[in-house]
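Beneath this line is the structure, given in structure tokens, with notes to follow.
The values are calculated or read from the model by the stated rules, or taken from the named source; none is laboratory data. These numbers come from a predicted model, not from an experiment. Here Cβ is always computed from backbone atoms with ideal geometry, including for glycine, and neighbour counts include all displayed protein chains. Each accessible area value is taken on the protein alone, full model and side chains, heavy atoms only, with ligands, DNA and RNA left out. Shrake-Rupley method; radii C 1.70, N 1.55, O 1.52, S 1.80 Å.
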Amino acid sequence: MRKRILALVDGNNFYVSCERVFNPRLEGQPVVVLSNNDGCAIARSQEAKALGIAMGQPWFQIRHMERKYGLTAFSSNYALYADMSNRMMSILSQFAPAQEVYSIDECFLDLTGLNVDLTAHGHALRDRVKQWIGIPTCVGIGHSKTQAKLANHIAKKRPEWNGVCDLSSLPESTVNELMASIDVGEVWGVGQKLTERLNALGIQTVLDLKRADPKVIQRRFSVVLERTVWELRGIACLRLEDVSPPRQQIISSRSFGRPVTELNELKEAVTAYMSRAAEKLRRQGSIAQALHVHIRTSPFREDRPYYGKGLTIPLITPTDDTRKLVKAALKGLEAIYQPGHDYQKAGVVLMDIQPKDSGQITDMITALEDDKATRVMQMMDAINARMGKTTIRLAGEGVEKAWAMRRGRVSAVSSTRIDDVAEVCAR
């Protein structure tokens, strides 16, 4: 039986790389991308890492590096990153018969049966992505997803591999040498707590886990970790998903750019967050039968009492209609709101999600109303997809949005917004 060959391709320091595509002067310079409200570093260039900037480090702790080391910081520009991701995934899909997009910056490719030099194939796809959209990538190849993930780690961390590592073409002894040199915590799905438990059993390296007794691992840990052992041995236990499974919950939550005290402003925020969540719900062809709304103050302020509360609201009829979902969420918000607090964050969660075609229509009037709502939502989504995601929105979202998150360092969306396209002047 022919063994599977899978590749994991990911964009290096993806958010930073997206910023550099449209600002080449940033090449070789320390760059960070900040989280919502410009709070902390969520992406770092290699030069920023060399300065000792840690993932998640607050901006106020590293701000002095702007002047001292020439550090450049950007607010998160998710519109740009999503568009660049779509372009990258489209290019990568041309290099394999099957693809699973795993996250915004990485995907699995099924290379099984391709009669090519896999290392050369990996370099070819790296070159094309770099040439066509300017994003640097690394490629890991193995007989399973876990092996491909590990190979990608090797390709990224060890310059001698030149960005491509193919474990499937190496002798077993060489693979074991590589695994023996890597901490077990680098294995896909093995977090810090699990690493500590494995270390206590003498499992320190990836090779130690590969050689562990699968049944003992299952008994002491879980079936999931047992599968990881088999995957490290090159036996694929995780299948390639052609289409990502629908989400079981959809969350839309943000911190405010400044403290919010008034109910009306909270209503604007909840309306906006629910509108985004409803769009995602319709995009995956689902309906929700319940929702949760929550608000809270800052847990770090010692001069103000903390208040946080949420409420789950069941819906009589499952729906994907933004208007109905917002109406229910606002009723919940009114029930949990207490005046006199400086609210820092609000959010909504869509729950009990099911395929839309599984809903049962109880009568003709309900069927007609549901069909009318569907057509209205389809029209709104189509216009927003073509003209911009907030071209048509509920009036309840407000106009000024003084509560919106801070994005004082956001870059242009040069790949999708015509006003942001760079101008070139010939002389």
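Tabulated results
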| read-out | value |
| --- | --- |
| Residue satisfying all of: in the stretch 312-334; among the aliphatic types (A, V, I, L, M) and under 16 Å from T271 (Cβ atoms); surrounded by the most Cβ atoms within 10 Å (Cβ to Cβ) among these | A329 |
| Complete set of residues in the stretch 35-55 that are closer than 19 Å to N12 by Cβ, outside any helix (DSSP H, G or I) and not β-branched (V, I, T) | A41, A43, R44, S45, L51, A54, M55 |
| Members of the stretch 103-117 found to be outside any strand (DSSP E or B), under 14 Å from the mean Cα position of the chain (by Cα) and either surrounded by fewer than 16 Cβ atoms within 10 Å (Cβ to Cβ) or not hydrophobic (A, V, I, L, M, F, W, C) (or both), listed by number | D105 |
| Any pair with Cβ under 6 angstrom, 6 or more apart, that starts in the stretch 195-208 at a residue that is assigned to a strand (DSSP E or B) and ends at one that is open to solvent by less than 30 Å² (accessible area, probe 1.4 Å) | T205/V184 |
| Top-ranked residue of the stretch 17-47 - restricted to ones that are of a type outside the set (D, E, K, R) and without any contact (Cβ under 8 Å) to a residue 40 or more places away in the chain, ranked as surrounded by the most Cβ atoms within 10 Å (Cβ to Cβ) | S45 |
| Cβ-Cβ under 9 Å pairs, at least 6 apart or on other chains, the stretch 297-315 side within 14 Å of P339 (Cβ to Cβ) and touching a residue at least 24 places away in the same chain (Cβ under 8 Å), far side among the acidic types (D, E) and assigned to a loop (DSSP other than H, G, I, E, B) | T297/D342; R304/D342 |
| Single condition A50 does not satisfy, out of (1) touching a residue at least 60 places away in the same chain (Cβ under 8 Å); (2) open to solvent by 30 Å² or more (accessible area, probe 1.4 Å) | (1) |
| The stretch 118-147: number of residues that are of a type in the set (A, V, I, L, M, F, W, C), in a helix (DSSP H, G or I) and closer than 22 Å to V229 by Cα | 0 |
| For I62: the one exception among (1) in contact with a helix residue (DSSP H, G or I) (Cβ under 7 Å, 6 or more places away or on another chain); (2) farther than 19 Å from S411 by Cα; (3) open to solvent by less than 20 Å² (accessible area, probe 1.4 Å) | (1) |
| Residue in the stretch 118-128 that is under 20 Å from the mean Cα position of the chain (by Cα), surrounded by 14 or more Cβ atoms within 10 Å (Cβ to Cβ), farther than 18 Å from C237 by Cβ and of a type outside the set (A, V, I, L, M) present | no |
| Condition met for E100 (surrounded by fewer than 15 Cβ atoms within 10 Å (Cβ to Cβ) and more than 22 Å from V31 (Cα to Cα)) | no |
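Residues are listed down the side, and each one gets a yes or a no for (1) under 14 Å from R233 (Cα atoms); (2) open to solvent by less than 10 Å² (accessible area, probe 1.4 Å):
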residue	(1), (2)
E177	yes, no
V206	yes, yes
V216	no, no
R220	no, no
